[in-house]
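Let me begin by presenting the structure, written as structure tokens, before commenting on it.
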Amino acid sequence: MIASILLLPGDGIGPEVVAAAADVLRAVEARFGHSFTITTAPIGAAALRLGLAPLPPETLEAARTADGILLGAVGDPEFDRGDASRRPESALLEIRRALQLYANLRPARVWPGLENAGPLKAEVLAGTDLLVVRELTGGLYYGEPRGFAADGQSAHNTMRYSRAEIERISRRAFDAARTRRQHVTSVDKANVLETSRLWRQVVIEVSRDYPDVRLDHMYVDACAMKVALAPSSFDVILTENLFGDILSDEAGAIVGSLGLLPSASLGDGPGLFEPVHGSAPDIAGHNVANPIGAIASAAMLLRHALALTTEADAIDLAIEEALRKGLRTRDLAATGDSAAGTREMAAAIAAALTPPSHSSPGSVADPRRSRA
Ligand code: NAD
């Protein structure tokens, strides 16, 4: 396959983890005989330092024409006190809005060997492999009217959803469930909120097109509890913007380090793939950042933007292999143990993708089911 991939390394550890992911994409290219045109553009503080806007028009144009976009992170303490439109983080909201990325996918799984990395008991965490599908461009975060009363004594926000918004995110969740364990849990607060009652109604209507997918409903408070008590009982969690913001962080937290978590933001054009973590200025430039979140985001790019399921599975397996060999970046290493650097971890994952010289390209592809 010929495909164009745009890298937006950004700030802090962004360039380090994106370089790691690019090495892995090159290994995929070599192993499976693809041809990726990989280009890079500035975003965030990196763009501000060049005298450009946080999201330069040229970067946005390159994003619009790419098949998939891999972003590192944006944010730099040097620009924290600037005016809001000149803050590096404004680029994120702008690119999500410009590309109309309405679906946010955040998988949370336990990697083999990391059962004790999170706060839960290993036996509670065992088998956890869930995907939060969060509506990203509607609900309380965008609803109008919003604001403070003139006297500053009260404030208000508006939670609003249309049938069309609920339907398109529901289809994303059901489609994803079809590539996994065919189970969607729709999360709402239908006992209190009208938007949730409409949500539930539309999700049920959409589910009729997916008779092979099991659907159940859960109130958000009960779901938050169950994610902590029985995370392995979930496959796909479908929910609106605010609930998804909170539940996806909770799900991420229980499986261990922030550095492990990938994400995808999808619309009807090119998708944006990025690790969940920020620019981590406290560790930037020291070759200690965990690149797995970025590398797993590259796998999501292959899966969702390029429909290269076997290749995406191969990256996930290569990550497993590196971890199984005992490689741990500093965030995962036990106190006193030596830790692998960012580059070392990336090299091990890329090496696991490179077939022994006697096998033909793709011959060690894994037949395992695809994971969305
Ligand atoms: P952060 O995610 O950057 O860091 C939180 C903690 O996790 C830090 O101790 C950091 O060292 C650690 N950490 C993060 N990623 C890691 C990795 N890959 N490997 C090992 N350790 C890792 O969050 P923060 O400190 O709140 O924010 C720092 C900057 O990042 C701010 O400017 C913030 O606005 C920005 N930010 C950007 C994004 C994004 O680009 N999507 C997301 C969150 C925060």
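The numbers here are math on the coordinates, done by the rules we state, and not lab data. Just so it is clear, the model here is predicted, and its values are computed rather than measured. Methodologically, a virtual Cβ is constructed for each residue, glycine included, from the backbone with ideal geometry; neighbour enumeration extends over all protein chains shown.
Data overview
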item: Cβ-based exposure ranking for 234, 79, 148, in which fewest neighbours within 10 Å come first; result: 148, 79, 234
item: Low-density loop cleavage sites - trypsin sites (Lys or Arg not before Pro) in segment 48-122, where at most 14 other Cβ are within 10 Å (DSSP); result: 49, 81, 121
item: Among 8-19, 126-137, the order from most to least packed when residues are scored by Cβ within 10 Å on average; result: 8-19, 126-137
item: Total formal charge among the other residues, if their Cβ is under 14 angstrom from that of residue 328, Lys/Arg +1 and Asp/Glu -1; result: -3
item: Volume of the Cα convex hull of segment 1-40, divided per residue and given in Å³; result: 40 Å³
item: Cα-based equivalent ellipsoid, segment 148-236: semi-axes from gyration tensor eigenvalues, Å; result: 29, 17, 10
item: Rounded, prolate or oblate (a/c below 1.5 giving rounded, otherwise prolate when a/b exceeds b/c) for segment 100-191 by Cα gyration tensor; result: oblate
item: Over segment 224-322, equivalent-ellipsoid semi-axes from the Cα gyration tensor in Å; result: 22, 19, 15
item: Equivalent ellipsoid semi-axes, the chain, via Cα gyration tensor eigenvalues times 5, rooted, Å; result: 31, 26, 21
item: Residue-by-residue Karplus 3J(HN,Hα) for segment 277-285, coefficients 6.51, -1.76, 1.60, Hz, glycine and proline x; result: 5, x, 7, 6, x, 5, 10, 5, x
item: Cα gyration tensor shape for segment 1-140, rounded if a/c is under 1.5, else prolate or oblate; result: oblate
item: Reciprocal of mean inverse Cα separation for segment 8-67 (Kirkwood radius, Å); result: 12.6 Å
item: The chain: calculated mean residue ellipticity at 222 nm from DSSP helix runs of at least 4, using -39500 (n - 2.57); result: -11000 deg cm²/dmol
item: Packing rank of 314-323, 216-225, where each peptide gets the mean count of other beta carbons within 10 Å, highest leading; result: 314-323, 216-225
